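For reference, the structure discussed in these notes is given below.
The values are calculated or read from the model by the stated rules, or taken from the named source; none is laboratory data. As the structure is a computational prediction, the values presented were derived from the model and not from experiment. Don't worry about glycine lacking a Cβ; one is built from the backbone with ideal geometry, like all the others, and counts go over all protein chains shown. The accessibility values were calculated without ligands, DNA or RNA, using every heavy atom of the protein model including side chains. Shrake-Rupley method; radii C 1.70, N 1.55, O 1.52, S 1.80 Å.
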Amino acid sequence: MNQYFTTRQGAIRRLVAIKREGTEAFRATVIGRQSDGSEVFGLEQVLLHLRVGRIAYFSCGDSCDHDIVFVS
């Protein structure tokens, strides 16, 4: 498991890169945690909530790798 700290712009770039990878995006599991503690599931939903500033961190994983990205 890898942990990263980034700005909101950096996190958006990371999710857009995952989305552009095509088949990798379908295998990736993205779960976001909002500032109020609720969870958001799916790449598109996490990206949407991240753009408006609601996501505190998200985890992205597939069968080989698992990353946690903290947004400041």
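Summary table below
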quantity: Residue-span extension gain [residue 64 to residue 36] - 0.36 nm each, minus C-alpha spacing; calculated: 7.1 nm
quantity: Environment charge at residue 58 (Cβ cut-off 12 Å; Lys +1, Arg +1, Asp -1, Glu -1); calculated: +2
quantity: Label selected from (1) 11.9; (2) 16.5; (3) 13.1, the criterion being Kirkwood radius over Cα pairs in Å as computed here; calculated: (1)
quantity: Taking the chain and dividing mean pair separation by its residue count, relative contact order in percent (alpha carbons under 8 Å, at least six apart); calculated: 42 percent
quantity: Surrounding net charge for residue 69, when Lys and Arg each add one and Asp and Glu each subtract one, Cβ distance under 12 Å; calculated: +3
quantity: Fraction of antiparallel bridges per DSSP, the chain only, in percent to nearest 5; calculated: 75 percent
quantity: Contour excess over end-to-end distance, with Cα ends at residue 51 and residue 8 and 0.36 nm allotted per residue; calculated: 14.7 nm
quantity: Heavy-atom accessible area order for 35, 72, 59, largest first, 1.4 Å probe; calculated: 72, 35, 59
quantity: Computed lengthening from residue 44 to residue 29, 0.36 nm per intervening residue step minus Cα-Cα distance; calculated: 4.3 nm
